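Single-structure report; data block below.
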Amino acid sequence: MTLELFVERGIEHVTMAEVATRAGVAPGLLYHYFGNKDGLLAAVFAAADPRDAFAGLAESLAGQPLSAGLREFCVRAAAVFEERGDVVRILFREMLAPEPSLPIGIADIQEEVLGNLARYFTDRIEAGELRPHDPRVPLRLLISGILVLGVTRQPVEPWVDGFVDIIINGIGAQE
């Protein structure tokens, strides 16, 4: 309910009084439990934080061959974005804001997610399936593509094979 209000109007335009009205409680109750808007935001995002889903995704990829792992990554990342779309849209909006309203560090979230998922790529490098590279580069490309599709509410599935092919084979002409 609170998350929906933030998505509808933007974090910076929502007051504690509006949240209280939407929730059907007195504003003082929100201040009692959360202290201020930053405390409320922290609680809302703690409950809907997408990092745990990405950590689970990284663990499930362990040991999978590259092609299968990348396809699973794309499909499951899209599912996370769909399930937690409101949070993702707010985070995306915050990344573009001149003065972010969230009391959490979006860059910290990105680095944590990339760090967890980079282990899969590092394992595939060690298995000889990928040449040595910084695994965060292809992950940023994949996540960016999936994120844009999710934020614009477009299906990811038609793009999965293309994403995987580009990561595995690149875009250079084949010799």
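The values are calculated or read from the model by the stated rules, or taken from the named source; none is laboratory data. Fair warning: this is a prediction, and the values are worked out from it, not measured in the lab. A quick note on method: Cβ atoms are made from the backbone with ideal geometry, for glycine too, and the neighbour counts reach across all protein chains shown. For the accessible areas, the whole protein counts, side chains as well, though only heavy atoms, and no ligand, DNA or RNA atoms are used. Shrake-Rupley method; radii C 1.70, N 1.55, O 1.52, S 1.80 Å.
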Given the conditions (1) open to solvent by less than 10 Å² (accessible area, probe 1.4 Å); (2) touching an Asp or Glu at 6+ places or on another chain (Cβ under 8 Å); (3) small (Gly, Ala, Ser), and given that ALA78 satisfies all but one, which numbered condition is not satisfied?
(1)
If you go through region 101-123 one residue at a time, do you hit one that is of a type in the set (Val, Ile, Thr) and within 25 Å of ASN169 (Cα to Cα)?
yes
For region 145-169, what are the residues that are closer than 23 Å to ALA107 by Cβ and open to solvent by less than 60 Å² (accessible area, probe 1.4 Å)?
GLY145, ILE146, LEU147, LEU149, GLY150, VAL151
Residue hits (region 66-104; modelled with pLDDT of 85 or more and more than 16 Å from LEU139 (Cα to Cα)) are ALA79
Condition check: over 16 Å from the mean Cα position of the chain (by Cα), open to solvent by 70 Å² or more (accessible area, probe 1.4 Å) and under 30 Å from ILE168 (Cα atoms). Does ARG71 satisfy that?
yes
With respect to the numbered conditions (1) open to solvent by less than 50 Å² (accessible area, probe 1.4 Å); (2) over 14 Å from the mean Cα position of the chain (by Cα), which one is the sole condition not fulfilled by GLU94?
(2)
